[in-house]
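Trainee: To start, I am sharing the structure in question, which I have written as structure tokens.
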Amino acid sequence: MLQSLGRPELHMALEVTIVSGSGQEHAGCLLLTSEVLFVVSLCEDTQQQAFPITEVECQQEPEQPGQLTLTLQQHTLSSDSEGDGVRERLSEQQYQRLVDYVIRASQFVSPSAASLQLQPPVTLAEPPPSVTKCYRYLVDPVFAKVFVSKFTIVKNKALRIGFH
């Protein structure tokens, strides 16, 4: 599983109790790498899920400190046809970063009068529709806090946010 990543870098392994959608619980482990968060079932000794770090949120529930929640944004449209090629859809987070960049960078550009007359007004496109899925894991509250902190550091590094 880790070999498929090319250059695997395991940041943290956390024993958890996996809570299924029907409420059944079984022993598991979360493996946090620099690119993917793996969910492994210990009783079946199999990989249950693999989440791209940049597409998932991890948080400790304030009212239940022994519960971790992973929220995955799944986009319903994966690509658009554009001419003879295919254009990938941006994730909502990538879209927001791009919009923020364009807004900030546009202050340094001074368009000429001629280009202002030729260009139609620009409107922001809607981000792609998405479906949210949540996964719950029971864990020691102290370890949950450490895991969420480590997850945030790894995700920010993957998104190239902050100093690394």
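Each reported figure results from applying straightforward, stated rules to the coordinates on display, with no laboratory input. Computed from a prediction, not measured in an experiment: that's the story for all the values here. So basically every Cβ, Gly included, is an ideal-geometry build from the backbone, and we count neighbours across all protein chains shown.
Trainee: Under 5 Å between amide H atoms, partner at least 5 residues away or on a different chain: which partners does M12 have, H built in plane at 1.01 Å?
Mentor: Long-range HN contacts for M12: L32.
Trainee: Distance from a point 7 Å along Cα→Cβ of K150 to each backbone N in the range 49-69: keep the residues under 20 Å and list them by number.
Mentor: Answer for this model: 49-61, 65-69.
Trainee: Between Y101 and V142, what length in nm is gained on full extension when 0.36 nm per residue of separation is reduced by their alpha carbon distance? Display every interim value, and only then the final one.
Mentor: Working: separation 41, 0.36 × 41 = 14.76 nm, distance 3.73 nm.
Gain on extension, Y101 to V142, equals 11.0 nm.
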